[in-house]
Amino acid sequence: MTLKINRIQHIGLPVTDLAVSEAFYGRLGFENVMASGFEYRGGRGQVAMMRRGEMILELYQMPEAELVEIRGRRDGHIDHVAFDVDSIAEAFAELKGAGFAVVEAEPVTLGFWERGCRYFNVLGPDGERLEFNQIL
């Protein structure tokens, strides 16, 4: 395998109240370095990237106000580990070609960060999601 993984990019955490979670992690020394919204099933969710040193937590609130279950995941639990890569296209081709269980049909583009990002997920042996992400 020649895939170059630079580092863990972030850990995703679904939350029920983004403002409350931002304040909580702020008390632990995390600073909001990126905030955005996203569309999901006709609703609008919110996300905040919280950084402390080299650590980044992605706090996101789905459009639904109540606790929701999405693909077997519940709010308040770690959702995914994201790895930083230099080329999302190369990572996608290599992992798909190697037979990994790739979730998305192609890398997804989001309007996060200054110029956006592209990502895709693979499933581990116990269903854990590993995200490969390139900040553009």
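The values are calculated or read from the model by the stated rules, or taken from the named source; none is laboratory data. Treat the numbers as computed from the prediction; the structure is a model and nothing was measured. A quick note on method: Cβ atoms are made from the backbone with ideal geometry, for glycine too, and the neighbour counts reach across all protein chains shown.
So Phe112 fits all but one of (1) surrounded by fewer than 17 Cβ atoms within 10 Å (Cβ to Cβ); (2) at pLDDT 85 or above; (3) assigned to a loop (DSSP other than H, G, I, E, B); what number is the exception?
Every listed condition holds for Phe112 apart from (1).
If you take the residues in region 15-42 that are touching a residue at least 60 places away in the same chain (Cβ under 8 Å) and touching a strand residue (DSSP E or B) at 6+ places or on another chain (Cβ under 6 Å), which one is nearest to Ala93 (Cα to Cα)?
Phe38
Listed residues Gly12, Gly45; which is crowded, with 16+ Cβ neighbours inside 10 Å, under 18 Å from His77 (Cβ atoms) and without any contact (Cβ under 8 Å) to a residue 24 or more places away in the chain?
Residue meeting the stated conditions: Gly45.
Residues of region 77-89 being over 16 Å from the mean Cα position of the chain (by Cα) and either part of a strand (DSSP E or B) or without any contact (Cβ under 8 Å) to a residue 60 or more places away in the chain (or both), which ones?
Those that are over 16 Å from the mean Cα position of the chain (by Cα) and either part of a strand (DSSP E or B) or without any contact (Cβ under 8 Å) to a residue 60 or more places away in the chain (or both): Ser87, Ala89.
Would you say Glu64 is outside any strand (DSSP E or B) and either out of contact with any helix residue (DSSP H, G or I) (no Cβ under 8 Å at 6 or more places or on another chain) or crowded, with 16+ Cβ neighbours inside 10 Å (or both)?
Judged against the criteria, Glu64 is a match.
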